[in-house]
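Below is one structure, written out as structure tokens; comments come after it.
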Amino acid sequence: MSEVFTKIMARNIFYGGSLFFFLLFLGLTFDTVQSSHKRDHRENITEKVALGKKVWEDNNCIGCHTLLGEGAYFAPELGNVYKRFGNSTAAIMAFIKTRPKEGIPGRRSMPQFNLSDEELEAVAEFLKWTSEIDTNNWPPNIKG
Amino acid sequence: MPYKSQAVAKYYFVAAIALFVGQILFGLVMGLQYVMGDFLFPEIPFNVARMVHTNLLIVWLLFGFMGASYYLVPEEAETELYSPMLALGLFWIFLIAGALTILGYLLVPYATLAEITMNDLLPTMGREFLEQPTITKIGIVIVALGFLFNIGMTVLKGKKTVVSLVLLMGLTGLAVFFLFSFYNPTNLVLDKYFWWWVVHLWVEGVWELILGAILAFVLIKVTGVDREIIEKWLYIIIAMTLITGIIGTGHHYYWIGTPDYWSWWGSIFSALEPIPFFLMVVYAFTMVYKRRREHPNKAATLWALGTAVMAFLGAGVWGFLHTLAPVNYYTHGTQLTAAHGHMAFYGAYVMIVLTMISYAMPIIRGRAAANSERSQLWEMWSFWLMTVSMVFITLFLTAAGVLQTWLQRYTDAPLDFMTTQSKIEIFYWLREGAGAVFLIGLIVYIASFFVGSKDEERTVS
Ligand code: HEM
Ligand code: HEM
Ligand SMILES: [Fe+2]
């Protein structure tokens, strides 16, 4: 690089550019936080849904599954499992409840978490609420 | 070694390498579970192995960054470290806290761990990469603050070079953005939105400053090129990093319930994110080409050039592959993401830490500048074994990802997840094979510290 472009100029681009784009990012963040209630239906976050998120986190479900495409890639996407299971929380609860303790021989297995009925219902409600988030039509089909 | 206190870096480097071994072993466990679903079930379920694998990765990279800083900053500032005692104390605190956390993952069910660490008081657990108990997270913050204080005071009392300033900015950013791991709203959309402020703004933001600073330091040392030139490049690279990378966060906001406009902001800016990685390749090769001295540590130069190339491939090329919203619509959360994650983490952050270790360790261990010919030969073999096997891991996962996208997302009669997985099993076997070669490379790497350590030092003839 020639001397026309000096180190001081490079430094100023770094500080100025970073600051500018960070502020722009803050602005976009502000708008996102303000407006995303239209997509996340936060009015439907009941105590049960909140408890469901806690059950989800306390059992590290994200360590095998993706949720809205983020997480681990070992087991099915769960953001739309409510719809895949025929819009049924009961089916979700039944699936989780019936996992065999010792797994299924030769098949990727999901642990038996011994959740209480209240916890089961809550995590199913949480997955139902999640399936209603407006995700720009993702995933492309019901298989997740 | 110009300053005695730089020696404290050795503890950090040794711990980093030891944890690296653990990371790879658990990677291999998961690789097997991918094809033999009941392997170690229910003793070590997949999610547990995954937490251990990814958390060990992050922790050992942090050890590496800290060790690199303790070596680099005194030399740049031309003064002893502010407090070697503090550095040593924090080392043991971090190591013990880290070990206890990993043991917690392995020994008790995760829900029990959440309970006994009182996660309900301030729930932060159960999110990808941020699985650590809240108390561990608080420990990380305390260690980071003590570390920043130590490094900051050293810079303050000594010479303030661009390299140490950029490093300090990167490390401060690392600590600041980690604070978002304490924010966990019940609204999943906002939770995910700010989760990326830790994950994306780390690896595609402030960590790149750390990467740039360490690379600049090693290039100055091994090439002898004028510092002014290297510093100008460094500023340009990190300017491009933050100009593209901050808004580039939007490439994670397409499908999580955030507004539409992120498809545009995210696609456009993240498509420019490869630029700084490309510049890094041009710069590293130009500096080595224009070198004003022959440094006897050929291995360190190899690692430095390798970092630039592999970071560009893993982050730049593999990142670009799936970053545009219309592509990401189909590939989001598939094996393609895993392919990219592996090569990017390895190319950028594993390799820069190994570059620094390669440059600094011989000097800390009492050599004038470099290891013996034989030791370097082993080290360079390990470079090729690990790097080439990582390329293959990436290629196999890419093949798996493309097929998965096709079978499960794109055809008219899409298959369900589990059926798709069984159809692409062959690539998981191949990945596991490449992973085994990676482990061999790592063993050769460790051996290089012992082989030829009594031989005469390599000199430039
Ligand atoms: C022996 C070689 C390795 C094997 C067999 C292996 C295997 C795996 C597996 C199976 C996963 C989980 C994927 C999933 O969620 O379903 C994973 C995740 C991950 N591994 Fe490795 N790994 C290896 C080496 C490495 C290395 C060297 C690095 C660091 C550079 C690394 C970094 C990661 C990261 C960052 C993730 C999270 C990926 C994501 O969420 O996209 N792994 N690894
Ligand atoms: C060294 C730098 C980088 C590292 C270490 C890295 C690592 C990762 C990891 C681990 C993930 C998976 C996160 C998860 O588990 O959900 C990811 C996702 C992603 N990365 Fe990177 N990355 C880097 C740079 C880049 C760049 C430069 C681009 C774009 C050009 C990019 C594009 C993406 C995209 C689009 C995703 C989302 C994938 C999906 O939709 O599933 N990355 N990255
Ligand atoms: Fe990103």
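The values are calculated or read from the model by the stated rules, or taken from the named source; none is laboratory data. Computed from a predicted model, the values in this text were never measured in an experiment. Quick reminder, even Gly has a Cβ in these numbers, built from the backbone with ideal geometry, and neighbours come from all protein chains shown. Note: accessible area is taken over every heavy atom of the protein model, side chains too, but ligands, DNA and RNA are not part of it. Shrake-Rupley method; radii C 1.70, N 1.55, O 1.52, S 1.80 Å.
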- Message: Checking A:Gly86 against (1) within 20 Å of B:Gln335 (Cβ to Cβ); (2) surrounded by fewer than 21 Cβ atoms within 10 Å (Cβ to Cβ), only one condition comes out false. Which one?
- Response: (1)
- Query: Out of the stretch B:289-304, which residues are buried (at least 18 other Cβ atoms within 10 Å of the Cβ) and either in a helix (DSSP H, G or I) or within 16 Å of ligand 2 (Cβ to nearest atom) (or both)?
  - Reply: B:Lys298, B:Ala299, B:Ala300, B:Thr301, B:Leu302, B:Trp303, B:Ala304
- Residue check, B:Gly316 within 15 Å of ligand 2 (Cβ to nearest atom), out of contact with any Leu (no Cβ under 9 Å at 6 or more places or on another chain) and small (Gly, Ala, Ser): yes
- Does the stretch B:353-363 include one or more residues that are in a helix (DSSP H, G or I) and open to solvent by 20 Å² or more (accessible area, probe 1.4 Å)? no
- Task: Having 2 or more residues that are within 11 Å of chain A (Cβ to nearest Cβ) is the bar; report the helices (runs of 4 or more DSSP H) wholly within the stretch B:312-351 that clear it.
- Result: B:325-331, B:335-344
- State all residues of the stretch B:125-163 that are farther than 20 Å from A:Gly71 by Cα and outside any helix (DSSP H, G or I); if no residue qualifies, say none. B:Gly158, B:Lys159, B:Lys160, B:Thr161
- Going through (1) within 15 Å of the chain's Cα centre (by Cα); (2) within 13 Å of ligand 3 (Cβ to nearest atom); (3) not hydrophobic (A, V, I, L, M, F, W, C) one by one, B:His342 fails only at (2)
- Check off (1) at the interface with chain A (Cβ under 9 Å from one of its Cβ atoms); (2) surrounded by fewer than 24 Cβ atoms within 10 Å (Cβ to Cβ) for B:Tyr253 and give me the number that stays unchecked. (2)
- Item | Which numbered condition A:Ser36 misses (of (1) closer than 30 Å to B:Thr241 by Cα; (2) within 7 Å of chain B (Cβ to nearest Cβ); (3) within 19 Å of the chain's Cα centre (by Cα); (4) modelled with pLDDT of 95 or more) | (4)
